[in-house]
Amino acid sequence: MRRKIAAGNWKMNGTTTALSELATLAGQIPANAPNVVICPPATLLIASAEACAGTGVSIGAQDCHMQASGAYTGDISASMVADTGAGYVIIGHSERRDAHAESDADVNAKAQQVWGAGLTAILCIGESGAVREAGTTLEVIAAQLAGSLPDAATGANCVIAYEPIWAIGTGKVPTLEQIVEVHDFIRAGLVTRFGAEIGNRFSLLYGGSVKPDNAATIFEAENVDGALVGGASLKASDFAPIIAALAAS
């Protein structure tokens, strides 16, 4: 069985006053809930982990460095993330790939650091609007998977999130057919690379303008095992219905 996962990426949003949303969210999670992960800013990792201890909410970081330690001012290592009590790390998000020029090789190195610290990686891939219009989405996805995903990946240590860049925060959502095409392609690639037993155990998340009103439709897809949610994860009132839709799928 693959894990159903509803992950929320708060990005550069939230101060200590936002911690109350975690308590509210924990109180609204249904008994049959999927795995719920909130990735707050680094400044809130410790407080969030403490606030969510014993609840159905896990905490993750939004990034980590590709080295275990060193002279990297302002960066955070995977072991530092683990020390906060978090259990997940997002790596390869398009905003990191773009604004910080992170390559597939960088993401690959980060994944290995994440696993070395005993954490689970949420590895992001996705195409730009130009790529989508050019009709080369699947080629780009294949290249990102090949370069970003280490050979030691398993469904236990890695979750893969497909986020079409043109849909992140824009309100634009791919058709269900487009989502299904990419997720089925990713699944087939994982099975080819790792074999059916391992390849079928990776949880595949969709991300990109997921809202309470479209989540249930997105979760109808066979190879969509959850969502990586941005803005709609900031408020429990928005994220809880998405979690409920996943639980019901």
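Read the figures in this text as sums done on the coordinates, not as results from a lab. Note that the structure is predicted; figures quoted are calculated from it, not measured. No Cβ is skipped: glycine too gets one built from the backbone with ideal geometry, and neighbour counts run over all protein chains shown.
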Worksheet item: So which lysines can LYS211 reach, going by Cα to Cα under 26 Å and dropping same-chain residues fewer than 8 places off?
Response: LYS4, LYS11, LYS172, LYS235
Item to complete: Using +1 at the Cβ of each Lys and Arg and -1 at the Cβ of each Asp and Glu in the stretch 5-248, identify which of PHE185, ASN9, ALA161 lies farthest towards the dipole's positive end.
Response: ASN9
Item to complete: Can you tell me the dipole magnitude for the chain around its Cα centre, using point charges on the Cβ only (Lys, Arg +1; Asp, Glu -1), in Debye to the nearest 20?
Response: 380 debye
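In a shell of Cβ-Cβ distance under 14 Å around SER103, excluding SER103 itself, what net charge do Lys and Arg (+1) and Asp and Glu (-1) give?
Net charge in that neighbourhood comes out at -1.
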Worksheet entry | Rg over Rh, two decimals, the stretch 101-182 (C-alpha only, Kirkwood Rh) | 1.00
Worksheet item: For GLU181 and ARG3 in the same chain, what is the full-extension length gain: residue separation times 0.36 nm, less their Cα-Cα distance, in nm?
Response: 62.0 nm
Response to the item:
Given the candidates ALA130, ASN108, GLY54, the one whose Cα lies deepest towards the positive end of the charge dipole of the stretch 34-185, counting +1 at each Lys or Arg C-beta and -1 at each Asp or Glu C-beta, is GLY54
Worksheet item: P(r) for the stretch 17-159: what percent of alpha-carbon pairs falls in each 5 Å bin, starting at zero?
Response: 2, 10, 18, 19, 18, 14, 11, 7, 2, 0
Practice prompt. Using only Cα positions of the stretch 5-248, each an equal point scatterer, no hydration layer, compute I(q)/I(0) via Debye at q = 0.08, 0.14, 0.16, 0.17 Å⁻¹ and quote the log10 values to two decimals.
Written response: -0.27, -0.87, -1.17, -1.33
Worksheet item: Once both labels are modelled 7 Å past Cα along the beta-carbon direction, what's the ASN214-ALA53 spacing in nm?
Response: 3.9 nm
Worksheet item: Can you give the charge dipole size of the stretch 1-115 about its Cα centre, rounded to the nearest 20 debye, using +1 on the beta carbon of Lys and Arg and -1 on the beta carbon of Asp and Glu?
Response: 400 debye
Worksheet item: Among PRO150, GLY171, GLY207, whose Cα lies farthest out toward the positive end of the dipole of the stretch 146-212, if unit charges sit on the beta carbon of Lys, Arg (+1) and Asp, Glu (-1)?
Response: GLY171
Worksheet item: What residues qualify as long-range amide H neighbours of VAL159, i.e. H under 5 Å apart, gap of 5 or more or another chain, H built at 1.01 Å from N?
Response: ALA121, ILE122, LEU123
Worksheet entry | Relative contact order %, the stretch 5-248, counting alpha carbon pairs below 8 Å whose residues are six or more apart | 21 percent
Discussion item. Can you give the local net charge around CYS64? Use residues other than it whose beta-carbon is closer than 10 angstrom to its beta-carbon, Lys and Arg +1, Asp and Glu -1.
Written reply: -1
